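What follows is one structure encoded as structure tokens, with my remarks underneath.
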Ligand SMILES: [Zn+2]
Ligand SMILES: [Zn+2]
């Protein structure tokens, strides 16, 4: 074959098949292109088949261990002068060879394109390096597009899609394409940011959101948690929990199987809210045992706890209790618990509910004993010293303390800062990802080792 003939035929072909365009100065890219074409033409005319000089990319003998250590790999295989991006370009170039070549590209073609590569032995090393350290970007993109596809499918079926669903799909798909959690959540944020619209999620460009099916059942089991905080930033040793129970009474059978942690005082009522008699019970079994001989009590105007006689000395075992009532409809601004502290409790509980939903754990948090367990662990975590300034802030923000204890840390920073990233549970032989960092001992634990194994101090 004559290379000249091929080139002039190609020139005619292009001239006849493209619209007339204006002359423009030649760019460096345009100058590079004929070099590649010339290389290809030369190969074709010399009768040399691409396969003949195929690269020998046998699995290298090296232990994978060396490759796992990024720095070691870069050093050992002299890869420091190549960026990851460059290695990816080379490998992409080899793997996306045209249909003419069955097994990729010849070393000659590769060398022509990337002159900087000293010899062919670098190619399998690039590949090995990317396998261990460089493939995540691609996988993250795959993840995004797969999650997006799921989202579109669900939208076409008019299903309500919540954040938690997207995260769950992300986790599942990440597992399938062997991507670790940290990148899974990275992927989701991309999707979320683009598509988020208030409650349900709708793809960009869509005008209306139709919601036909709830993706999960919202079961409402009411219960009341009543914590008490002191002005010096302590959470009193026990928390008062009122469960909802039909008829407002627990039978012997129920009582026998009740989980009774030492930091929770358990009662129940038909509504799960505190009745007048429960406030009395609270006073005798909870409040009075925790306060000194003289005490100023701030409580809200909730009916049941505003009866004068409840706080008279003869009913308070001789202790002097002065009660100030927070005026109706002002608790959001004046009640320290409502101002700040209760939101911290909610953040804690929300993180637990979210984890169970996200990982589809077979744990029912609305079951009586699990409510108690959750209340107990929450109270135990929030009692940690690290939260003292936060509890003082609750007093400050309601205007009852002058001194601002800021800066301080809250539940999300202390307990859940690492739950979004892929760190393994520190419990021996556990490969679950971390759910919580214990506010008391700093141990990082998965949900099972925190909740089911009852990590209590
Ligand atoms: Zn701990
Ligand atoms: Zn674990």
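Some points to look at:
- From the options 310, 337, residue that is touching a residue at least 12 places away in the same chain (Cβ under 8 Å) and closer than 27 Å to residue 387 by Cβ: 337
- Some residue of segment 383-395 being modelled with pLDDT of 95 or more, in contact with a helix residue (DSSP H, G or I) (Cβ under 7 Å, 6 or more places away or on another chain) and not assigned by TED's automatic domain parsing to the domain that holds residue 246: yes
- Against the conditions (1) under 23 Å from residue 261 (Cα atoms); (2) within 13 Å of ligand 1 (Cβ to nearest atom); (3) not in a helix (DSSP H, G or I), residue 364 satisfies every one except (2).
- Flag if residue 380 is surrounded by fewer than 16 Cβ atoms within 10 Å (Cβ to Cβ) and either within 15 Å of ligand 2 (Cβ to nearest atom) or assigned to a helix (DSSP H, G or I) (or both): no
- Just one of the numbered conditions (1) assigned to a helix (DSSP H, G or I); (2) free of Cβ contacts under 8 Å to residues at least 40 places away in the same chain is not true of residue 345: (2).
- Residue count for segment 427-448 satisfying the condition of being under 19 Å from residue 352 (Cβ atoms) and more than 10 Å from ligand 1 (Cβ to nearest atom): 9.
- Condition met for residue 404 (away from ligand 2 (no atom under 16 Å from the Cβ) and over 22 Å from residue 353 (Cβ atoms)): yes
- Selection count where residues are in a loop (DSSP other than H, G, I, E, B) and away from ligand 2 (no atom under 16 Å from the Cβ), scope segment 407-430: 6
- Positions within segment 431-457 being within 15 Å of ligand 2 (Cβ to nearest atom) and touching a helix residue (DSSP H, G or I) at 6+ places or on another chain (Cβ under 6 Å), in sequence order: 433, 435, 436, 447
- Residue in segment 368-382 that is within 12 Å of ligand 1 (Cβ to nearest atom), modelled with pLDDT of 90 or more and out of contact with any helix residue (DSSP H, G or I) (no Cβ under 9 Å at 6 or more places or on another chain) present: yes
The values are calculated or read from the model by the stated rules, or taken from the named source; none is laboratory data. No experiment lies behind these values; they were computed from the predicted model shown. Heads up, the Cβs are rebuilt from the backbone with ideal geometry, glycines too, and the neighbour counts pull from every protein chain shown.
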